[in-house]
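Below is one structure, written out as structure tokens, with a few remarks after it.
The values are calculated or read from the model by the stated rules, or taken from the named source; none is laboratory data. Here the structure is a predicted model, which means the values were calculated and not measured. Cβ coordinates were reconstructed from backbone atoms using ideal geometry, including for glycine residues, and neighbour counts include every protein chain displayed. Just the protein is used for accessible areas: all its heavy atoms, side chains included, with ligands, DNA and RNA removed. Shrake-Rupley method; radii C 1.70, N 1.55, O 1.52, S 1.80 Å.
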Amino acid sequence: MNTYIKMQLNTMIQYLDSFEQACQIAAAKDDGEIDPKEQKQLKKIKKAVARFKSELQDIR
């Protein structure tokens, strides 16, 4: 595999981890708690991140 593409894949996978964590922090930021609606949104985000991450890992 092209090493530059592999580096981009690795960077995107790391970015996805950061994105997921940033969403969790953002959900608690406004009032210090994560309400049920935010939990539902975070769950969907987590699933989407996991699917995309899996696809990228399959390419590597």
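Worth pointing out:
- Helix 36-59 and the long axis of the chain differ in direction by around 0°, with both axes built from C-alpha atoms.
- Per residue, in Å², the accessible surface of the chain once ligands and nucleic acids are set aside, probe 1.4 Å: 83 Å²
- At R0 = 25 Å, FRET efficiency that the Cβ-Cβ distance of residue 21 and residue 47 yields, to 0.05: 0.95
- Cβ-based net charge around residue 52, under 14 Å, with every Lys or Arg adding one and every Asp or Glu removing one: +2
- Restricting attention to the chain, lysine pairs at least eight places apart or on different chains and with alpha-carbon atoms under 17 angstrom apart total 7.
- Accessible-area composition of the chain, carbon plus sulfur, in percent [1.4 Å probe]: 54 percent
- Recomputing Kirkwood radius over Cα pairs in Å from the coordinates shown identifies the correct label among (1) 13.1; (2) 12.2; (3) 12.7 as (3).
- Distance between the pseudo-spin-label points of residue 9 and residue 37 (7 Å out from Cα toward the beta carbon): 4.0 nm.
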